[in-house]
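Novice: Here it is, the structure, as structure tokens.
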Ligand code: PMP
């Protein structure tokens with residue numbers, strides 16, 4: 001604490017995001033194609049936007065219940081049951097938040113005591129580590145490996161010493177690698193969590209964005225994505241986070257949710273009711289409509305991402321940058337090509353300066369990301385074609 005507005009130690013402990021410098025470089029050119037961003041290039045489905053507009057016209061501009069509008073909680077409850085086999089009641093087990101970001105942050109603030117250890121499967125979304133630090137916890141990085149298709153394994157957990165952790169954070173389909181875990185992949189992780197009494201925060205924001213054959217174990221019509229919370233003994237120790245930013249292309253509306261046992265989401269709601277009151281009302285109307293009537297829009301977007309994914313992976317392989325078969329989210333995670341004399345960071349910086357293509361160096365996402373680049377295909381095919389042609393020229397010139 002300080003009287004001179006000096007940031008608290010926990011805030012000082014967190015540096016600026018490693019991606020920021022790239023935005024500054026990008027501003028120096030006017031022909032930059034960005035494959036660096038983590039948000040859809042689509043707009044929200046029209047019906048969802050229209051529902052938001054109509055809610056405003058009807059004067060729906062007040063707070064909602066802290067946990068979110070009941071109709072929306074009901075809709076979320078049925079949607080996650082149909083799609084992912086997740087059974088959470090609307091009264092006490094669903095909490096509507098300002099984006100999945102708030103849900104993740106609430107989980108850290110509700111469950112992490114100062115000095116607690118939070119294991120994070122890495123490479124990982126950049127917000128988890130700082131969120132843990134702000135909550136006073138200690139981050140324990142768990143390195144996933146390309147040989148395992150960047151899936152989390154018990155060997156990785158053991159190598160990191162995660163049996164001593166209090167909470168495990170995992171995100172599949174994964175940002176930044178695009179890795180997906182099937183039910184069979186999750187079973188040993190669930191066993192490890194049960195055996196060592198680990199709580200789990202499962203960020204499933206990319207759950208709708210998978211492109212592989214259906215998981216043989218999934219029920220008919222269900223998504224390929226499997227949630228660890230559906231495995232035996234996991235419901236009572238897991239918080240699932242999800243939201244409308246990715247599948248429904250609603251990043252700017254800031255709407256997400258957390259699912260968990262009543263006591264756990266109740267604890268998160270205690271933080272939420274003082275810190276946020278309620279998630280944005282207009283966005284809640286949009287989200288309700290998104291669940292009611294926009295499944296076809298989601299499917300059409302997933303179809304587009306699927307085509308782009310195939311194109312991008314095959315082009316990287318042609319160019320000579322090894323690229324593992326990412327099966328979810330909207331990212332691929334190629335290695336910098338053999339023969340590149342430098343780090344992934346140098347590669348990304350020079351590619352941006354010299355050829356105007358923005359990608360993100362993998363080390364920004366923690367251990368296991370070194371030597372890789374995160375490339376988002378949430379960009380139209382025409383731009384992707386041009387960007388890959390530029391990357392090819394860059395590699396021809398320098399490697
Ligand atoms: N989790 C992951 C893994 C993400 O990639 C993102 C967005 N980049 C978020 C959470 C945050 O999503 P929201 O917009 O719902 O806060």
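Novice: Any residue that is closer than 21 Å to residue 111 by Cβ, surrounded by fewer than 21 Cβ atoms within 10 Å (Cβ to Cβ) and more than 16 Å from the ligand (Cβ to nearest atom) - is there at least one of those in segment 172-194?
Specialist: Within segment 172-194, one or more residues are closer than 21 Å to residue 111 by Cβ, surrounded by fewer than 21 Cβ atoms within 10 Å (Cβ to Cβ) and more than 16 Å from the ligand (Cβ to nearest atom).
Novice: I've got another one for you. For segment 327-339, enumerate the residues that are more than 19 Å from the chain's Cα centre (by Cα), buried (at least 18 other Cβ atoms within 10 Å of the Cβ) and at pLDDT below 95.
Specialist: Once the filter is applied, which keeps residues that are more than 19 Å from the chain's Cα centre (by Cα), buried (at least 18 other Cβ atoms within 10 Å of the Cβ) and at pLDDT below 95, segment 327-339 yields nothing.
Novice: Inside segment 16-103, counting only helices (runs of 4 or more DSSP H) that do not spill past its ends, which hold 2 or more residues that are more than 23 Å from residue 224 (Cα to Cα), within 19 Å of the chain's Cα centre (by Cα) and within 16 Å of the ligand (Cβ to nearest atom)?
Specialist: Passing ranges: none, list empty.
Novice: Also, I was wondering about something else. Which is within 11 Å of the ligand (Cβ to nearest atom), without any contact (Cβ under 8 Å) to a residue 24 or more places away in the chain, in the same structural domain as residue 53 (by TED's automatic domain parsing) and over 15 Å from the mean Cα position of the chain (by Cα), of 161, 263, 252?
Specialist: Matching residue, one of 161, 263, 252: 252.
Novice: I'm trying to understand the selection: among the residues of segment 275-326, which are part of a loop (DSSP other than H, G, I, E, B), buried (at least 22 other Cβ atoms within 10 Å of the Cβ) and within 16 Å of the ligand (Cβ to nearest atom)?
Specialist: Within segment 275-326, 279, 326 qualify.
Novice: Which residues, counting only those in segment 223-248, are away from the ligand (no atom under 11 Å from the Cβ), closer than 17 Å to residue 329 by Cα and either part of a loop (DSSP other than H, G, I, E, B) or modelled with pLDDT under 95 (or both)?
Specialist: Within segment 223-248, 223, 224, 225, 226, 227 meet the criteria.
Novice: Can you name the residue in segment 195-214 that is away from the ligand (no atom under 16 Å from the Cβ) and at negative phi and, of all such residues, is surrounded by the fewest Cβ atoms within 10 Å (Cβ to Cβ)?
Specialist: In this case the residue turns out to be 213.
Novice: Is at least one residue of segment 106-120 within 18 Å of the chain's Cα centre (by Cα), surrounded by 20 or more Cβ atoms within 10 Å (Cβ to Cβ), part of a loop (DSSP other than H, G, I, E, B) and touching a residue at least 12 places away in the same chain (Cβ under 8 Å)?
Specialist: No, that holds for no residue.
Novice: Ok, one more. Determine, yes or no, whether residue 375 is in contact (Cβ under 8 Å) with a residue 40 or more places away in the chain, buried (at least 23 other Cβ atoms within 10 Å of the Cβ) and under 24 Å from the mean Cα position of the chain (by Cα).
Specialist: yes
The values are calculated or read from the model by the stated rules, or taken from the named source; none is laboratory data. Everything quoted here is computed from the prediction, not taken from an experiment. Cβ atoms come from the backbone with ideal geometry, glycine included; neighbour counts cover every protein chain shown.
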